[in-house]
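The structure appears right after this line, and notes come after that.
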Amino acid sequence: MSDMWSKCPLCYQQLEVTRENNGCAGGVHCKRCGTFKVYVPLLDSIADDKRFRLAGLTRESTELNREPLLVTPENINDLVSLCPRRIPERASRLLRGISRKTEFFGQRVDLHGDYDWPLAYARNVDEFDALVKYLAEESFITASWTMGSVEVSITARGFETLENRTTAGSESSSAFVAMWFDESIKTIFSDGIKPAIESDCHFRAVRIDLEEHNDDVMDRVMSEIRKARFLVADFTKHRNGVYFEAGYAIGLQIPVIWLCREDEMGRVHFDTEHFNHIVWKDATDL
Ligand SMILES: [Zn+2]
């Protein structure tokens, strides 16, 4: 069954949006934002500062041939928190976007600001152009503008940067979970964190005690964090390892989602208490 909505809920491009799943979710195919699904009540109500970030995430996810992202009132803030905010990180994502269109060294690729601004997680075409200039000034690409489009080509320095480990996580499909490994909060992982990561966000949840390996455990922890797209850190019982792993992820510019059980919030360390924590009482809060 297909209904007509007038516009894409993320970029406001005029297009047809199909209604699926008994009217619960609208399936969107947008040239700018890719293919994704949105709960119908959200179709007209996503805030401006979230729309352009989500457009970046849905476009990237589509280009990587992932399952279409489903945006719901429950997961929208988690999805937004996965989006890069710092300029160098957004430029790096644009460079990866260009590399996906590049089949050989020296190839020139046409980008159209009007349709390609989500590749840079940009707010609009002006910011997209500025991020293209940033990559050119850093000598990661060459760029020449014509009316409405820019022809870019990745340089040797650009390809070297793409190999850089600190940006390796940006297209990963895993999420690292740092938490207290104790029976008493076992269901928080199995019934709360894991389904939120795997069913709602379509990433694989990696918890190091559940992974089979022969390596030194801290080597493995750091390797898995470097590969992760984001890190979920639960501070219940304030394990030192969780603080270490969250700090390591921040140093690598990997987004961290902060969690803590309600009765433990008062003990969150001074250095990290200013981060916005998701406070839970049981798995249904996650
Ligand atoms: Zn769109």
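Just so you know, all these numbers are worked out from the coordinates, no wet-lab data involved. Nothing here was measured: the structure is a model prediction, and the numbers come from that model. Methodologically, a virtual Cβ is constructed for each residue, glycine included, from the backbone with ideal geometry; neighbour enumeration extends over all protein chains shown.
Taking the centroid of alpha carbons for each part, the range 196-249 and the range 100-179 are 28 Å apart. Straight-line cross-link reach from LYS227 at under 18 Å between alpha-carbon atoms covers these lysines, not counting any fewer than eight positions away in the same chain: LYS194.
Please report the equivalent ellipsoid semi-axes of the chain, computed as sqrt(5 x eigenvalue) of the Cα gyration tensor, largest first, in whole Å. Show your work: numbers first, answer last.
On the way: eigenvalues 222, 129, 49 Å².
Computed over the chain, the values are 33, 25, 16 Å.
Quote the relative contact order of the range 87-167 in percent (integer), defining contacts as alpha-carbon pairs under 8 Å separated by 6+ residues.
Numbers: 105 pairs, mean separation 27.5, N = 81.
Once divided by the residue count of the range 87-167, the mean separation gives 34 percent.
Suppose R0 equals 35 Å. What FRET efficiency, 1/(1 + (r/R0)^6) with r the Cβ-Cβ distance, do LYS31 and GLU163 give to the nearest 0.05?
Values: r = 30 Å, r/R0 = 0.87.
Efficiency for this residue pair is about 0.70.
Between HIS238 and ASN124, the contour length at 0.36 nm per residue exceeds the Cα-Cα span by 36.9 nm. Taking every C-alpha pair closer than 8 Å and separated by at least 6 residues, the mean separation divided by the residue count of the chain gives a relative contact order of 13 percent. As I understand it, the value is the acute angle between the Cα axis of helix 125-137 and the longest principal axis of the Cα atoms of the chain; what does it come to in degrees, rounded to 10? In the chain, helix 125-137 runs at an angle near 90 degrees to the longest axis. Per residue of the chain, the DSSP helices (runs of n ≥ 4 H) give a summed -39500 (n - 2.57) that works out to -8500 deg cm²/dmol at 222 nm. Using θ = phi - 60° in the Karplus curve 6.51 cos²θ - 1.76 cosθ + 1.60, the 3J(HN,Hα) couplings for the range 232-243 round to 9, 10, 9, 9, 4, 6, 6, 5, 4, x, 5, 4 Hz; x is entered for Gly and Pro.
Using the alpha carbons of the range 172-285, what is the convex hull volume per residue in cubic angstrom, as a whole number?
Numbers: hull volume 11.7 nm³, N = 114.
Dividing the Cα hull volume of the range 172-285 by its residues yields 102 Å³.
Give the angle, between 0 and 90 degrees and rounded to the nearest 10, that separates the Cα long axis of helix 87-100 from the longest principal axis of the Cα atoms of the chain. It works out to around 60 degrees. When the chain is treated as a GNM with alpha-carbon contacts under 10 Å, the residue of SER172, SER199, SER184 showing the greatest mean-square fluctuation is SER184. Against the main long axis of the alpha-carbon atoms of the chain, helix 48-63 sits at an angle near 80°.
Using Cα pairs closer than 8 Å and at least 6 residues apart in sequence, work out the relative contact order for the range 17-74, in percent. Mind dumping the intermediate values first?
Values: 79 pairs, mean separation 19.3, N = 58.
Answer for the range 17-74 is 33 percent.
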